[in-house]
Each structure stands twice: as C-alpha cells, then as structure tokens.
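S.K.: My structure is below; once you've seen it, I'll send some questions.
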Amino acid sequence: MSDDTVAIVGAGLAGLACATALHDAGIAVRVFEAGDGVGGRVRSDRVDGFTLDRGFQVALTAYPEMHRQLDMDALDLRAFDPGALVWRDGKGSAVSDPFRMPGRTASTVLAPIGSLFDKARIALLRARLRRIHPARLLSRDDITTEAALRDAGFSDTMIQRFFRPLVGGIQLDPDLQDSRRMFDVIFRMLADGDSAVPATGMQAIPDQLARRLPDDALLLEHTVTDTTSTSVTVGDETFGAAAVVVATEGPTAAALLGLDPVPSKAAGCVYFAADEAPTDTKMVVLDGTGDGPVLNVAVMSNVAPTYAPPGRHLIAAALPGVCDGDLQDLARRQLRNWWGAQVDGWEHLATYRIPHGQPGQAPPFSPKQAVALADGRFVCGDHRDTASIQGALFSGRRCADAVTARLAAT
C-alpha cells in the first residue's frame with residue numbers, strides 16, 4: 001500500500017460509505033476488515049436455503065442517505081405493511097397508520113392497546129413530527145423517550161403495550177430510556193416511508209457499496225491492532241497511509257483510538273423454519289402482554305418470499321436487550337403461548353447473540369460528533385451520529401469530506 005492511500009479500518013456501512021466517497025473523489029483507499037465479509041453488523045447468512053439477517057433488521061426507506069448513496073431499485077426492497085399487529089389475549093390487533101392504510105382504521109380504533117385518546121394522540125404526534133425537519137428534531141430539548149411519551153399524554157397502557165415493543169425492536173430500547181430525539185426521528189421516518197428488506201437480505205446493502213470499490217481495495221480477515229495518523233498495523237506488518245480512518249463499531253473504535261467508552265445495547269434473535277406460517281400478516285407482530293423477552297416477531301417469508309425456500313416459512317423472533325441464556329427455549333416457550341403446539345414443531349435454524357447491537361444514545365444525546373480527531377486520525381460510525389443505517393452512511397460520507405479537506409490542505 002502506497003503512502004498516498006487512505007487506510008480505513010472496518011468494512012461496515014460507515015467504512016464502506018467513507019471508502020466509496022473517497023474513491024469517487026479520486027483518492028485511493030484500502031479497507032481493512034477483521035471479518036470474512038463486508039457489512040459489519042449488517043450481514044446475512046444462508047442456511048438450508050433460508051436468508052438469515054444477523055439479528056432482526058429493517059431498512060427505513062425514508063432515510064435520505066440511502067437514496068443518496070444507494071441504487072434503491074437494485075436493492076429490490078420488500079416492504080412490511082405499515083403499522084403493527086399487537087398480540088394479546090391469544091389474538092392479534094392491527095394498529096395501522098390510518099393515513100396510509102385507511103381500510104384498517106376500525107381495527108386500530110378497537111385495538112386493546114390504549115384509549116381512544118391515546119390513538120388520537122398518535123395521529124397528533126405523527127402530524128407534529130412531520131411538520132419539523134428531521135435535523136431540527138435532533139436539536140430539540142432532550143429527555144428520555146418514556147418521559148416524552150408521558151409528557152405527550154400517553155397512558156401507561158399505551159406505552160407498555162405499543163411503544164415499548166415497537167421502540168424496543170427498532171432502537172433496542174425496551175425500557176424507553178434513550179433520547180427522545182432519536183425516537184422522534186425514527187417515528188417520523190416510519191410515517192414518511194416503509195420498513196423494508198432487500199429481497200436477497202440486508203447483506204445486499206453493504207455488498208452494493210463494496211462493488212463500487214476496486215477489487216484490491218478490500219482486505220478481509222485483516223485485523224488492525226494499532227493505528228497512528230499515518231499507519232495501521234496488522235499482525236507484524238505496518239502499512240503506511242496518507243490518512244487513517246477508524247470505522248469500526250463503537251467499543252472497538254474507542255479501544256483503538258483511546259476515546260471515551262461507547263455504551264452498548266444488546267440484542268438476541270432466534271430464527272425458526274415452519275411448513276405453515278403462524279399468521280399471514282406482513283406487519284411486525286408486537287408483544288402486547290408485557291411479558292417478553294420476545295418483543296417482536298416477523299414472518300419474513302410473508303414480507304419477502306425469497307427469504308425462504310418454496311413451501312417453507314421463516315419466523316424471526318427478536319429479543320431486544322437480551323443475548324444471554326437459552327434464547328431458543330425462551331422464544332419457543334413464549335411463542336407457544338401465542339400460537340400453541342405448532343411452535344413445538346418449528347425447526348430451529350440459528351440463534352444470534354449481539355452484545356453490541358447499537359450504541360446507547362441516552363439523553364442528552366448529541367449527534368454529529370467530531371470525525372476528525374486532534375491527533376490527526378479520523379473516526380466514523382453510527383456512534384458518531386445516530387444509531388441507524390442513516391447515521392452510519394451519513395457519518396461515513398462526512399468523514400470522507402473531512403479527510404478530503406485535510407489532504408487538500410497538505
């Protein structure tokens with residue numbers, strides 16, 4: 001590697017976004033990735049003909065950076081139906097966005113998740129957030145999500161039966177203690193667009209970015225153990241560089257760069273295969289009982305039939321905040337209470353334990369943290385912006401801008 005090449009540590013979304021932006025600007029890059037493939041936490045596996053994302057994940061199509069950096073048509077996105085199916089007392093109640101699915105308004109009104117006033121407040125919250133630019137939502141006075149919901153007048157029933165499993169699944173925050181700023185942005189994105197997955201799995205997102213780089217730009221199974229402003233060390237070998245970007249997940253970046261520790265939000269996910277789907281919904285199914293630990297379930301084959309072989313179904317059970325213990329047994333016991341003995345016949349495909357699913361973003365939460373460090377190194381990732389695909393892609397792009405400016409000045 002020549003000394004005019006930018007070294008990027010990590011081939012997750014942030015690292016790939018940074019690398020592609022630099023490459024498009026005519027700057028040579030080399031990406032060092034410890035794993036055996038690109039994507040970081042956004043990866044997919046193929047198991048017996050099923051596509052298993054590493055943890056239950058969705059892409060929110062309203063994220064502007066996805067449209068800026070990706071060919072959305074090429075991703076062949078398959079969308080969930082807006083809203084959620086709240087499971088309680090042995091049945092599911094559809095809670096939909098009446099502006100997008102007016103045919104389900106009656107079901108939403110009758111859903112046992114809160115009062116009519118609660119449901120009216122959801123519509124008011126949606127309208128209020130859509131009037132504010134997302135960037136401004138991230139600069140409002142900050143409190144916890146739970147406190148913000150209570151301040152908005154939502155009942156404890158509504159919070160526990162709807163918001164807790166919804167936010168727990170998306171933001172890995174079942175206790176609703178993270179920043180209301182992030183909640184506001186996510187709720188706005190849900191109102192503006194779809195929740196979707198690529199037909200071939202979430203892996204399609206980093207794969208698309210990686211294909212924009214030269215073949216020799218990616219070095220897989222290369223674990224960087226040390227960095228300076230002009231070099232990276234892999235094992236016994238040191239590579240010189242024009243600049244060094246650390247684009248790993250937060251805890252690894254903090255260790256490599258000597259930054260403050262990055263808090264982690266854990267998650268577990270259990271995948272089952274079945275000959276028959278427990279429900280035909282294309283909505284996410286939320287745990288309306290408050291029992292957990294599974295807070296949401298998705299029959300992925302209803303949303304994207306390509307996730308399962310013909311005649312089979314794929315069920316993903318997400319356990320936000322839980323990655324220890326016998327997750328398969330925990331999930332199976334809980335879902336048996338939902339769907340009965342059929343759950344005993346489901347085939348266990350895989351269990352994912354993700355100690356660092358997202359960085360914690362407790363209030364006061366300040367996005368857009370510095371990507372250019374005082375010692376000359378650079379850093380990007382969702383821990384520098386927002387814990388989301390949007391945050392990772394945006395962080396990588398603005399880090400590339402900072403590197404380009406530094407190189408132009410020298």
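Yes or no, residue by residue, for (1) of a type in the set (S, T, Y); (2) in contact with a Ser or Thr (Cβ under 9 Å, 6 or more places away or on another chain); (3) without any contact (Cβ under 8 Å) to a residue 60 or more places away in the chain:
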site	(1), (2), (3)
G311	no, no, yes
C323	no, no, yes
L327	no, yes, yes
G340	no, no, yes
W346	no, no, no
T351	yes, no, no
A362	no, yes, no
A374	no, no, yes
I389	no, no, no
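S.K.: Within region 339-352, is there a residue that is surrounded by fewer than 18 Cβ atoms within 10 Å (Cβ to Cβ), part of a helix (DSSP H, G or I), in contact with a Lys or Arg (Cβ under 9 Å, 6 or more places away or on another chain) and not β-branched (V, I, T)?
M.R.: Among the residues of region 339-352, at least one is surrounded by fewer than 18 Cβ atoms within 10 Å (Cβ to Cβ), part of a helix (DSSP H, G or I), in contact with a Lys or Arg (Cβ under 9 Å, 6 or more places away or on another chain) and not β-branched (V, I, T), which makes the answer yes.
Each row is one residue, and each column tells you yes or no for (1) within 18 Å of L219 (Cα to Cα); (2) surrounded by fewer than 24 Cβ atoms within 10 Å (Cβ to Cβ); (3) of a type in the set (G, A, S).
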position: C18; (1), (2), (3): yes, no, no
position: A25; (1), (2), (3): no, yes, yes
position: V29; (1), (2), (3): yes, no, no
position: A34; (1), (2), (3): yes, yes, yes
position: V38; (1), (2), (3): yes, no, no
position: R43; (1), (2), (3): yes, yes, no
position: V47; (1), (2), (3): no, yes, no
position: F56; (1), (2), (3): no, no, no
position: A59; (1), (2), (3): no, no, yes
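S.K.: For a quick check of your reading: which helices (runs of 4 or more DSSP H) sit entirely within region 1-94 and have at least 3 residues that are in contact (Cβ under 8 Å) with a residue 60 or more places away in the chain and on the phi < 0 side of the Ramachandran plot?
M.R.: Result: 13-24, 64-69.
S.K.: Within region 360-372, restricting attention to residues that are part of a loop (DSSP other than H, G, I, E, B) and in contact with a strand residue (DSSP E or B) (Cβ under 6 Å, 6 or more places away or on another chain), which residue is farthest from D142 (Cα to Cα)?
M.R.: Only one residue fits best here, namely V371.
To keep it simple, each residue is scored yes or no on (1) within 15 Å of T51 (Cα to Cα); (2) small (G, A, S); (3) at pLDDT 95 or above.
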{"position": "E249", "(1), (2), (3)": "no, no, yes"}
{"position": "P263", "(1), (2), (3)": "no, no, yes"}
{"position": "D275", "(1), (2), (3)": "no, no, yes"}
{"position": "V297", "(1), (2), (3)": "no, no, yes"}
{"position": "T306", "(1), (2), (3)": "yes, no, yes"}
{"position": "A316", "(1), (2), (3)": "yes, yes, yes"}
{"position": "D324", "(1), (2), (3)": "no, no, yes"}
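S.K.: Still on this model: Which of the residues belonging to region 25-42 are basic (K, R) and farther than 12 Å from V9 by Cα?
M.R.: Correct list: R41 only.
S.K.: Here's something else I'd like to know. So for region 355-363 (the condition being over 22 Å from G40 (Cα atoms) and either modelled with pLDDT of 95 or more or surrounded by fewer than 18 Cβ atoms within 10 Å (Cβ to Cβ) (or both)), does at least one residue qualify?
M.R.: Within region 355-363, one or more residues are over 22 Å from G40 (Cα atoms) and either modelled with pLDDT of 95 or more or surrounded by fewer than 18 Cβ atoms within 10 Å (Cβ to Cβ) (or both).
S.K.: Sticking with this one: Could you pull out the residue among A400, A409 that is in contact (Cβ under 8 Å) with a residue 24 or more places away in the chain and among the hydrophobic types (A, V, I, L, M, F, W, C)?
M.R.: Matching residue, one of A400, A409: A400.
S.K.: Checking D385 against (1) surrounded by fewer than 24 Cβ atoms within 10 Å (Cβ to Cβ); (2) touching a Phe, Trp or Tyr at 6+ places or on another chain (Cβ under 6 Å), which single condition isn't satisfied?
M.R.: (1)
S.K.: Determine which single condition A106 fails, assuming it passes every other condition in (1) part of a helix (DSSP H, G or I); (2) modelled with pLDDT under 90; (3) buried (at least 20 other Cβ atoms within 10 Å of the Cβ); (4) not hydroxyl-bearing (S, T, Y).
M.R.: So A106 meets the others, but not (3).
S.K.: With the checklist (1) touching a Cys at 6+ places or on another chain (Cβ under 6 Å); (2) surrounded by fewer than 21 Cβ atoms within 10 Å (Cβ to Cβ); (3) of a type in the set (G, A, S) in hand, flag the one item G396 doesn't pass.
M.R.: (2)
S.K.: To continue, here is another question. Among the polar types (S, T, N, Q), over 20 Å from P174 (Cβ atoms) and under 23 Å from the mean Cα position of the chain (by Cα): which single residue out of N296, N302 fits that description?
M.R.: Exactly one residue qualifies, and that residue is N302.
S.K.: Across region 139-190, what is the number of residues that are farther than 18 Å from P293 by Cβ, in contact with a strand residue (DSSP E or B) (Cβ under 9 Å, 6 or more places away or on another chain) and among the acidic types (D, E)?
M.R.: Residues flagged as farther than 18 Å from P293 by Cβ, in contact with a strand residue (DSSP E or B) (Cβ under 9 Å, 6 or more places away or on another chain) and among the acidic types (D, E) within region 139-190 amount to 2.
S.K.: Name every residue in region 226-285 that is among the polar types (S, T, N, Q) and assigned to a loop (DSSP other than H, G, I, E, B), in order of residue number.
M.R.: Across region 226-285, the qualifying residues are S229, T230, T248, T279, T281.
The values are calculated or read from the model by the stated rules, or taken from the named source; none is laboratory data. What you see is a predicted model, and the numbers here were worked out from it, not measured in a lab. Cβ sites come from the backbone with ideal geometry, for glycine too, and all protein chains shown count toward neighbours.
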